[in-house]
Amino acid sequence: MEDLFTKARAEIAAKYPLIANGLVDHNNAAPEVITQSKKIIADFITHKGNDALSGGLDAFSKISLDFIRLQSRFIRSGKYRAQDAEEMIRDLYQNSEKMEGYYLDGLFLSYAFWPNHAQMLQFYKNRFLANQQEKKSCLEIGVGHGLMALSMLRNLTDVAYTGVDVSPAALKYVQRLMERQKIDSNRFALHEVNVMSARKMANISKPDGGFSYAVCCEVLEHVMQPETLLNRIHDQIQPEAELFLTTVVNIEAEDHVYLFKNTEQIRELTDMCRFQIKEELVLPLPGFPEGPSQPFNYAAVLTKSI
Ligand SMILES: C[S@@+](CC[C@H](N)C(=O)[O-])C[C@H]1O[C@@H](n2cnc3c(N)ncnc32)[C@H](O)[C@@H]1O
């Protein structure tokens, strides 16, 4: 079969040489990461159709180029440009033109092409999902494009999945992703909810005693009070349940509003919100010098403590 991942990388290199040699460098990637990236491309095509790959690569390239522009601004200013999460909800997450136009496809494909995202997805599967085999229910906050949910529903056939997102376009995208992947609709429930609303979160139906585990990837930096978000998750899950969490340190994006200046600040926050770190993956962003404002991707498996 034609290797569409290699072909897709060649297309990015031809159209966008600036990102091809830096942001999407897979030269040091482990073989299982390459296999995973190929699968993501195949899943994208199943989801959106063969003809959609070129458009998807443009969307991915747009978010990559936006990142380079915003990051160089961040390096000078030391602040994220966006300062208002409610404005992001109105202008981006509830704007289906932007969400369907580039955001969801771009982020979906970032897990195939950005080396740190690809490694975090591996870490999620190997070090988190692999330990949830016996568990029956999951809550995910900020479902986005649905790649974490898809991986879970494929690998853990007994789990009942509940996904929450403030973006109607994201939920529509995930619904279609699951349909195309022939995931039984009885196995998952999707809710349009702002996680910061205690009342709306309390209305989500949950199993007696709470969800068996939770996932929250790349959402903490999108809210003004990340402690509120972690407290909401804490309220919804069973004692000693595990949480898979990812976020960023010193990495700008159009919708990042909360700045973690170092990994210690994340640890202090999770500790304050009564989560214990079981395992971490801390990945410096390739190509940036060490120093006080060095950018990192951060992933952790945490355990709820009382
Ligand atoms: C950067 S995307 C992350 C998507 C995916 N989890 C990932 O790891 O790539 C952030 C997602 O969080 C959602 N989101 C942001 N703020 C939210 C809030 N207050 N409540 C619920 N969802 C929110 C957005 O709509 C978007 O789908």
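Here are some notes:
- Using just its DSSP H runs of length 4 or more, each adding -39500 (n - 2.57), the chain gives a mean residue ellipticity at 222 nm of -13000 deg cm²/dmol after division by all residues.
- Counting charges near Leu230 (Lys, Arg +1; Asp, Glu -1) among other residues having Cβ under 15 Å from its Cβ returns a value of -4.
- Footprinting exposure proxy ranking of Lys15, Lys304, fewest other C-beta atoms within 10 angstrom first, gives Lys15, Lys304.
- Sorting Ile306, Ile141, Ile237, Ile277 from the fewest to the most surrounding beta carbons within 10 angstrom yields Ile306, Ile277, Ile237, Ile141.
- Ranked for footprinting exposure by Cβ neighbours inside 10 Å, fewest first, Asp66, Asp105, Asp3 give Asp3, Asp66, Asp105.
Every number here is computed from the coordinates shown, using simple stated rules; none is lab data. Keep in mind that what you see is a predicted model, and the values were worked out from it rather than measured. Every residue, glycine as well, gets a Cβ built from its backbone with ideal geometry; the counts of neighbours run over all protein chains shown.
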